[in-house]
Amino acid sequence: MKLHTLKPAQGALKKKKRIARGQGSGKGGTSTRGHKGAKSRSGYKKKIGFEGGQLPLQRRLPKFGFKNINRKVYKVINLCQIQNLCENKNIHQFTLETFYHNGLIGNLKEKIKILAKGELKSKVSIAAHAFSSKAKQLIEQQGGELIKF
């Protein structure tokens with residue numbers, strides 16, 4: 001085998017389509033874009049959701065709902081989760097850091113609300129942004145302390 005005899009495999013190379021290089025090329029004139037109309041012009045782009053002049057789906061459907069800009073989003077922690085930590089890890093002081101290090105919240109900027117699902121048997125001190133009335137009652141029954149941010 002010599003360098004001057006090397007060739008690509010049969011059918012490996014295709015000739016590039018040379019558009020708009022005269023009538024003799026077979027692709028001159030309209031440059032394979034057909035005759036007239038928006039699609040034949042440069043810079044053509046149809047609108048997203050365009051349905052050929054039919055009223056688009058996003059305009060046929062009714063509008064509904066709104067976004068409340070004053071909404072407060074809380075990460076919910078139940079009393080059963082707190083009781084679980086009391087039993088398994090012997091924790092009785094609950095702060096944002098405690099919840100974070102035990103994987104109950106994703107970051108320290110999240111707001112926390114304590115709900116009353118489950119049972120609480122331990123005396124605990126909990127710091128959170130909000131408490132449900134039933135959770136408050138159950139924590140205070142056990143002699144626990146509530147700290148509201």
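When a/c reaches 1.5 or more, the comparison of a/b and b/c decides; with that in mind, is the range 80-122 rounded, prolate or oblate per its Cα gyration tensor? All intermediate terms of the calculation are to be shown ahead of the outcome.
Values: a/c = 2.30, a/b = 1.42, b/c = 1.62.
Taking the square roots of the gyration eigenvalues as a ≥ b ≥ c, the range 80-122 is oblate.
In terms of the Cα gyration tensor, with a ≥ b ≥ c the square roots of its eigenvalues, is the range 74-148 rounded because a/c is under 1.5, prolate because a/b exceeds b/c, or oblate? Kindly include the intermediate steps, with their values, before the conclusion.
Numbers: a/c = 1.64, a/b = 1.21, b/c = 1.35.
Note, shape of the range 74-148 comes out oblate.
Taking the highest mean first, how do the peptides 4-11, 109-116 order by number of other beta carbon atoms within 10 angstrom per residue?
Values: 4-11: 6.1, 109-116: 17.1.
The peptides rank, most packed first, as 109-116, 4-11.
Of the residues Gly34, Leu13, Ser125, the one whose Cα sits farthest towards the positive end of the charge dipole of the chain is Gly34 (charges of +1 on Lys and Arg Cβ, -1 on Asp and Glu Cβ, taken about the Cα centre).
The residue among Cys86, Leu96, Ile69 whose Cα reaches farthest toward the positive pole of the charge dipole of the range 58-113, with charges on the beta-carbon of Lys, Arg, Asp and Glu, is Ile69. Restricting the chymotrypsin sites (Phe, Trp or Tyr not before Pro) of the range 30-90 to loop positions (DSSP other than H, G, I, E, B) with no more than 13 neighbouring Cβ atoms within 10 Å leaves Tyr44, Phe50, Phe64, Phe66. With θ taken as phi - 60° and the Karplus curve 6.51 cos²θ - 1.76 cosθ + 1.60 applied, the whole-hertz 3J(HN,Hα) list for the range 56-63 is x, 4, 5, 9, 7, 7, x, 7 Hz, x standing for glycine and proline. Between the range 34-53 and the range 55-87, the alpha-carbon centres lie 41 Å apart.
Quick one: which of 102-108, 125-131, 138-144 comes out on top by average Cβ neighbours within 10 Å, and what's the full order, highest first?
Details: 102-108: 12.4, 125-131: 18.3, 138-144: 14.4.
So the order, starting with the most tightly packed, is 125-131, 138-144, 102-108.
Using only Cα atoms, tell me the angle between helix 79-89 and the longest principal axis of the chain; keep it within 0 to 90° and round to the nearest 10. Helix 79-89 sits roughly 80 degrees off the main axis of the chain.
Shape index of the chain: Rg/Rh, with Rg the Cα radius of gyration and Rh the Kirkwood radius from the inverse mean 1/r over Cα pairs, equals 1.51.
The numbers here are math on the coordinates, done by the rules we state, and not lab data. Predicted, not measured: the structure shown is a model, and the values here were computed from it. Note: ideal-geometry Cβ built from the backbone for every residue, glycine included; neighbour counts use all protein chains shown.
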